Amino acid sequence: MAVRLDDKHVRDFIQPHELEAIQCQVEAAHQVLHQGTGLGNDFLGWLTLPDDYDKEEFARIQKAAEKIRSDSDVLIVIGIGGSYLGARAAIEFLHSPLYNNLKKDTPDIYFAGNSISSSALNDILSLCEGRDVSVNVISKSGTTTEPAIAFRVFKKYLEERYGVEGAKGRIYATTDKEKGTLKKLADEQGYETFVVPDNVGGRFSVLTAVGLLPIAVSGADIGAIMQGASDAAKAYANPSLDQNDCYRYAALRNILYRKGKAIELLVSYEPQFTMVAEWWKQLYGESEGKDGKSLFPASVTFSTDLHSMGQFIQDGTRNLFETVVLFDKVRSELIIEEDPNDGDGLNFLAGKPMSYVNRKAFEGTVLAHTDGGVPNLVLSIPEANAYEYGYMTYFFEKACGISGYMMGVNPFNQPGVEDYKRNMFALLGKPGYEAQKQALEQRLQ
Ligand code: PA5
């Protein structure tokens, strides 16, 4: 099974020869990526990761997940950006956005350290009361402010509840193999540690311990995830556009961008995909958005957002296209029943599954939006299981690498993320930033 791309709803916007014309650029991007000769080539570990990963660490991840499931009611996952979005996306995709509220025999999983909000952190602390807690702190650099503050709070919390020694058995650190403040602290304290490989950037790291430990704690089959990714790696090895949906997606979005479609809206009709879209936004936004160019990645969940953003998509500035993600099979079905009174007038739907109504909502929308000048790419995924999650993740990652090289950027760095951090450190009075502090404060007067 696989992700399938249907491009019939862009045919009014792109002629077949345009794909032919761009084939040579796709091949060039493929060579640069696979031969490791392009910008950012020291961050290509994700390309071969599905087969070439540390099997001993993988077994330790499963063992740690088993321990957390047996001794904890709650797992707090501390991380931000690439050290957060993948795990949360996978857990919601594979279980539900309401995972924590479901009846289950796995721990609740809360994500902390992804903002600087004291209210958000206090909410999570209050949810821990009277329950056994473990913490997975994740930071590749080991120095990021948001997770560092949250970890300071949770370290103290665990030490007060379980004693210093007891806390050590409940803290798992995922970080660089040798450098960074978190690694130093973890070694000093004797926490169990997992590695973010040097050659895998944060936004490409969900198939490392960064994503796999929290995902495994949720009870998902991480072996099946890696198998799906591995099969996708094999499927997307041929650069020919008529045999590679992943590359065709990369090519089509580049063509649309060059025709003035500056915004790509990732659309789904299942709320369990909403966090995957958040992960996708980071993947594409951080990889391509540089040097004053590239597509702006945005997302909506239908049909809810048809009642908010639908007007704009149908009729506002004509600078966007949609990439719609559909599932062949829903996680759980519900049949609309007959009502003898038919007070709500819905008996014309009696006996129909809700997924049928959702499909008709898609069909109606795709026709309306293309009529309104919005090209639609459609990606179909067989179902939201672990194998397909791994497959889809690799599809989007590889398309991102190819697309980024076609855009003419380094898809694997993120220089712009540093700018706000430097200013914030200076304004907070971090040692070493004294000169900038004064200059920035003057500008704020
Ligand atoms: O993709 C990235 O590199 C970023 O989003 C990082 O993942 C994010 O800034 C967190 O960094 P770190 O894992 O070093 O704490």
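The values are calculated or read from the model by the stated rules, or taken from the named source; none is laboratory data. Because the structure is predicted, anything quoted here is derived from the model rather than measured. Methodologically, a virtual Cβ is constructed for each residue, glycine included, from the backbone with ideal geometry; neighbour enumeration extends over all protein chains shown. Only protein heavy atoms, including side chains, enter the accessible area calculation; ligands, DNA and RNA are left aside. Shrake-Rupley method; radii C 1.70, N 1.55, O 1.52, S 1.80 Å.
Here are a few things to note about the model shown:
- Within region 229-243, the set of residues being in contact with an Asp or Glu (Cβ under 6 Å, 6 or more places away or on another chain) and assigned to a helix (DSSP H, G or I) comprises SER230 only.
- Residue count for region 383-401 satisfying the condition of being of a type outside the set (A, V, I, L, M, F, W, C) and open to solvent by 10 Å² or more (accessible area, probe 1.4 Å): 4.
So that you can scan it fast, the table gives a plain yes or no per residue for (1) within 16 Å of the ligand (Cβ to nearest atom); (2) not in a loop (DSSP other than H, G, I, E, B):
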site	(1), (2)
LYS103	no, no
TYR110	no, yes
SER115	yes, no
LEU125	no, yes
ARG131	no, no
SER134	no, yes
ARG152	yes, yes
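- Residue within region 209-225 that is within 22 Å of MET407 (Cα to Cα), in contact (Cβ under 8 Å) with a residue 12 or more places away in the chain and in contact with a Leu (Cβ under 9 Å, 6 or more places away or on another chain) present: no
- THR370, sole failed condition from (1) touching a residue at least 60 places away in the same chain (Cβ under 8 Å); (2) in contact with a Lys or Arg (Cβ under 8 Å, 6 or more places away or on another chain); (3) open to solvent by 20 Å² or more (accessible area, probe 1.4 Å): (2)
- Hey, VAL210 part of a loop (DSSP other than H, G, I, E, B), within 16 Å of the ligand (Cβ to nearest atom) and over 19 Å from VAL10 (Cα atoms) or not: no
- Beta carbons closer than 8 Å, at least 6 apart along the sequence or on distinct chains, pair a first residue in region 394-420 that is assigned to a helix (DSSP H, G or I) and within 15 Å of the ligand (Cβ to nearest atom) with a second that is open to solvent by 40 Å² or more (accessible area, probe 1.4 Å) and of a type outside the set (Lys, Arg) for VAL417/GLU286.
- Counted residues, region 309-327 - those being farther than 17 Å from GLU278 by Cβ and more than 21 Å from the chain's Cα centre (by Cα): 11
- Which numbered condition TRP280 misses (of (1) crowded, with 24+ Cβ neighbours inside 10 Å; (2) farther than 18 Å from LEU207 by Cα): (2)
- Among residues of region 136-150 being within 8 Å of the ligand (Cβ to nearest atom) and in a strand (DSSP E or B), the one that is nearest to ILE68 (Cα to Cα) is ILE138.
- Count of region 299-344 residues which are assigned to a loop (DSSP other than H, G, I, E, B), surrounded by 12 or more Cβ atoms within 10 Å (Cβ to Cβ) and of a type in the set (Val, Ile, Thr): 2
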